[in-house]
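In what follows, a structure is listed as structure tokens, so that the remarks can point back to it.
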Amino acid sequence: MLGTALGPHSTGQTTVTSLAVANPGSLIQSVDWVAIAPPLIAAVAALAVLVADLFLPARHKKWLGRLTAAGLALALISLLPLTGGSPRATFCAQNVTGATDNGGCSYVADHFALVFQLLALGGALIAALLSAHTVDEEELPRGEYWFLLLSSATGAALLPASRDLATLVIALEVASLPAFALVALRRDGRGAEAALKFFLSSVTATAVMLLGIGFVYAASGSLHLGAVATGLEQAPAQLKPLAEAGAVLTLVGFAFKVAAVPFHFWVPDTYTGAPLPVAGYLSVVGKAAGLAGLALAATIAFRPYAHTWGLALAVLAAVTMTVGNVGALRQRFDTRYSAVRLLAWSSVGQAGYLLVPLAAAGYAPTGTDPLGATAAYALIYGVVNLGAFGVVAAVGRKAGTSVDDFRGLFARSRWTALALAFFLLCLAGLPPGVIGLFGKVVVFRAAVDAGLGWLAVVMAVNVVVALYYYLLWTARLFAPAEEAAAAPAPERRLPVPLTAALGLTASAAVVLSVAPQLVLQVVGGSLF
């Protein structure tokens with residue numbers, strides 16, 4: 001009967017319209033399991049941790065952390081089959097001939113996605129290593145902690161491969177919602193306050209973004225990023241204001257995740273109240289997720305408005321880096337948690353640098369080179385910033401987390417002091433932190449090539465301003481210790497996972513400083 005009901009036909013005086021299709025098999029999607037392996041493995045590991053937590057006795061629950069690290073390492077390894085070939089896509093809308101186009105796909109594993117998945121999963125793995133001793137010493141619930149970390153990493157890995165607005169929002173919330181709970185797991189009162197500020201501001205930004213996506217869908221008639229761009233170009237004149245307002249509101253949500261001004265006010269308090277590994281995770285992986293979403297939405301979906309959002313992001317970048325560096329300058333080094341707050345304000349300033357190439361993409365014929373600069377700087381920043389948070393976590397076990405607690409660290413723990421000094425010099429962009437200098441030059445060049453000379457000048461001024469607090473902290477490491485603290489405290493050996501995290505980040509920073517051409521492979525790669 002199916003063969004006789006392929007379209008409208010007449011039976012007497014009644015016209016019957018069949019809902020059957022000529023090729024029913026075309027409705028069946030074939031899933032590319034290799035393409036979706038990185039976020040899928042992280043999700044499976046999260047479920048495995050959740051189930052194992054139900055059955056493992058308390059004395060064996062330390063294995064949950066090892067299972068988490070193994071799952072993230074396996075997810076990283078699954079990126080290897082996706083490199084070196086053409087982009088792989090899945091969950092695609094098929095046309096009438098059965099052919100597919102990546103423009104109609106909801107998941108695309110291209111160079112852009114792989115770079116940010118590497119950053120998300122690698123950052124989550126370093127955060128997991130940093131968390132091993134924190135979970136034990138602060139008596140955090142092991143099962144919940146590791147499950148939430150893996151769940152958030154799953155969303156962060158899914159987001160850069162998403163190619164429709166619905167999947168982008170879902171991935172962003174999967175990355176964000178577990179992060180709220182991770183911040184709140186600290187039981188000293190500050191965690192709950194920090195999580196509440198983080199949650200309320202994030203929910204507000206998400207609501208604004210969803211309203212913008214609704215406007216964009218009404219104007220373009222699609223949620224796929226490529227189709228949105230086509231729809232906005234062909235939209236009737238009376239829908240132009242609606243489409244422009246929708247684009248602005250949509251980008252606001254991603255700007256919050258990047259911690260761009262004025263959506264940054266949650267950062268210092270949240271980082272201070274969260275466990276240190278979670279603060280490091282948010283500063284790198286959370287920022288990478290927001291940056292990837294902002295880049296995808298702006299450069300693909302809202303390409304018809306490139307000059308508009310390009311200028312807006314340029315102004316946002318200038319204000320963000322300035323406010324972040326001024327906030328860091330205002331930190332008193334003798335106050336409690338000043339080291340964490342200094343890194344928090346520094347991360348706001350670094351977010352401004354990350355936005356510079358993205359703003360330049362609005363003025364470039366194609367977004368390839370500017371986005372390559374963003375990806376390269378994000379990788380550099382991720383390595384050294386997680387390393388800095390790792391050293392703060394290590395020193396905090398013996399002394400405290402104010403900057404003055406680091407005075408004379410070289411005399412007490414030589415290698416730890418040298419590692420932090422190197423990380424700070426990388427963030428400042430000074431030798432021997434060559435990779436930090438290289439990253440800033442790449443970003444500076446992207447602004448100049450796009451004709452944004454004024455933004456390059458603002459960036460140069462901010463880099464000079466940031467030298468003050470980075471060098472002041474570095475000098476503390478080699479200064480003589482105060483008399484009250486001259487007698488060395490009993491040495492506490494660093495836990496193996498914490499040592500491994502510091503070794504990995506320091507080794508990566510040194511290798512990249514010796515061979516910065518490795519980053520050029522990211523800068524020169526075709527991101528779309």
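The values are calculated or read from the model by the stated rules, or taken from the named source; none is laboratory data. Since the structure is predicted, the reported quantities are computational estimates derived from the model, not experimental observations. Cβ coordinates were reconstructed from backbone atoms using ideal geometry, including for glycine residues, and neighbour counts include every protein chain displayed. Calculation scope for accessible area: heavy atoms of the full protein, side chains included, ligands and nucleic acids excluded. Shrake-Rupley method; radii C 1.70, N 1.55, O 1.52, S 1.80 Å.
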Criterion (touching a residue at least 24 places away in the same chain (Cβ under 8 Å) and within 16 Å of G253 (Cα to Cα)) met by exactly one of L200, L130, L211: L211
Among the residues listed as A153, A175, A157, A161, the single one being touching a strand residue (DSSP E or B) at 6+ places or on another chain (Cβ under 6 Å) and surrounded by 24 or more Cβ atoms within 10 Å (Cβ to Cβ): A161
Subset of region 363-421 [more than 21 Å from A475 (Cα to Cα), of a type in the set (A, V, I, L, M) and either in contact with a Lys or Arg (Cβ under 8 Å, 6 or more places away or on another chain) or modelled with pLDDT of 85 or more (or both)]: A373, A375, A376, A378, L379, I380, V383
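Restricting to region 426-448, name every residue that is closer than 16 Å to A359 by Cβ and either at pLDDT 90 or above or in contact with a helix residue (DSSP H, G or I) (Cβ under 7 Å, 6 or more places away or on another chain) (or both). Spell out the reasoning first.
Restricting attention to region 426-448, the residues satisfying the condition of being closer than 16 Å to A359 by Cβ are 440, 442-448.
Of everything in region 426-448, those that are closer than 16 Å to A359 by Cβ and either at pLDDT 90 or above or in contact with a helix residue (DSSP H, G or I) (Cβ under 7 Å, 6 or more places away or on another chain) (or both) turn out to be K440, V442, V443, F444, A446, A447, V448.
Scan region 47-69 residue by residue and report those that are among the basic types (K, R), touching a residue at least 40 places away in the same chain (Cβ under 8 Å) and either part of a helix (DSSP H, G or I) or loosely packed, with under 13 Cβ neighbours inside 10 Å (or both).
If the condition is that a residue be among the basic types (K, R), touching a residue at least 40 places away in the same chain (Cβ under 8 Å) and either part of a helix (DSSP H, G or I) or loosely packed, with under 13 Cβ neighbours inside 10 Å (or both), then no residue fits.
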Residue within region 335-351 that is under 24 Å from the mean Cα position of the chain (by Cα), in contact (Cβ under 8 Å) with a residue 24 or more places away in the chain, assigned to a loop (DSSP other than H, G, I, E, B) and crowded, with 24+ Cβ neighbours inside 10 Å present: no
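L168: touching a Leu at 6+ places or on another chain (Cβ under 7 Å), open to solvent by less than 10 Å² (accessible area, probe 1.4 Å) and either touching a residue at least 24 places away in the same chain (Cβ under 8 Å) or under 23 Å from V51 (Cβ atoms) (or both), yes or no? Before the answer, list the steps.
Working: touching a Leu at 6+ places or on another chain (Cβ under 7 Å): yes; open to solvent by less than 10 Å² (accessible area, probe 1.4 Å): yes; either touching a residue at least 24 places away in the same chain (Cβ under 8 Å) or under 23 Å from V51 (Cβ atoms) (or both): yes.
Taking the combined requirement at face value, the residue satisfies it.
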Flag if G290 is part of a helix (DSSP H, G or I) and closer than 20 Å to A207 by Cβ: yes
Residue within region 2-21 that is open to solvent by 30 Å² or more (accessible area, probe 1.4 Å), in contact with a Pro (Cβ under 9 Å, 6 or more places away or on another chain), assigned to a helix (DSSP H, G or I) and at pLDDT below 90 present: yes
Selection within region 318-337 - of a type outside the set (D, E, K, R) and farther than 16 Å from L471 by Cβ: A318, V319, T320, M321, T322, V323, G324, V326, G327, T335, Y337
Neighbours by Cβ (under 9 Å, 6+ apart or cross-chain): first from region 431-448, farther than 19 Å from A360 by Cα and touching a residue at least 12 places away in the same chain (Cβ under 8 Å); second open to solvent by less than 70 Å² (accessible area, probe 1.4 Å) and not in a helix (DSSP H, G or I): V434/P516; I435/P516; G436/G429; G436/L430
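Would you mind listing the helices (runs of 4 or more DSSP H) fully within region 402-452 where at least 3 residues are crowded, with 20+ Cβ neighbours inside 10 Å? Can you show your working first?
Values: elements: 409-412, 414-428, 434-449.
Of the helices (runs of 4 or more DSSP H) lying wholly inside region 402-452, those with at least 3 residues that are crowded, with 20+ Cβ neighbours inside 10 Å span 414-428, 434-449.
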